[in-house]
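One structure below.
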Amino acid sequence: MELEECREQIDVIDKKLTQLLEQRMAIVARVAEYKEVHHMDVYDPKREIAVLDKIAILTKNEKLIPHIKQIYTCIMDESKKYERKQMER
């Protein structure tokens, strides 16, 4: 496969990922609203561990597990930042 073909495939995947991340962040805003009303902390370490454990199970290629877990750690970190901003409004 040529480099340009690979890049085109990555572009298609990036478009889908961006759409899914936007959907995820919209739900994060709803979570922030719930947590604010119920006086809950943004950070829930048990939930984060559960998410990372689930991601490890869902990852078929074992060599990718640490990398995908790191990506999800970044996603969760940004989600927490967004939650905090939503709660400040």
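The values are calculated or read from the model by the stated rules, or taken from the named source; none is laboratory data. These figures come from a predicted structure and were not determined experimentally. Here the Cβ is made from the backbone with ideal geometry for all residues, glycine too, and neighbour counts use every protein chain on show. Protein only, heavy atoms only, side chains kept; ligands, DNA and RNA dropped before computing areas. Shrake-Rupley method; radii C 1.70, N 1.55, O 1.52, S 1.80 Å.
What the table shows:
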| read-out | value |
| --- | --- |
| Residue among Glu5, Glu36, Glu22 that alone is under 28 Å from Arg89 (Cα atoms) and open to solvent by less than 100 Å² (accessible area, probe 1.4 Å) | Glu36 |
| Residue list for region 50-70, restricted to those being open to solvent by less than 100 Å² (accessible area, probe 1.4 Å) and not basic (Lys, Arg) | Ala50, Val51, Leu52, Asp53, Ile55, Ala56, Thr59, Asn61, Leu64, Ile65, Pro66, Ile68 |
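A quick yes/no check of all residues on (1) without any contact (Cβ under 8 Å) to a residue 12 or more places away in the chain; (2) on the phi > 0 side of the Ramachandran plot; (3) of a type in the set (A, V, I, L, M); (4) outside any helix (DSSP H, G or I):
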| position | (1), (2), (3), (4) |
| --- | --- |
| Arg24 | no, no, no, no |
| Arg30 | yes, no, no, no |
| Glu36 | no, no, no, no |
| His39 | yes, yes, no, yes |
| Lys46 | yes, no, no, no |
| Val51 | no, no, yes, no |
| Lys69 | no, no, no, no |
| Tyr72 | no, no, no, no |
| Asp77 | yes, no, no, no |
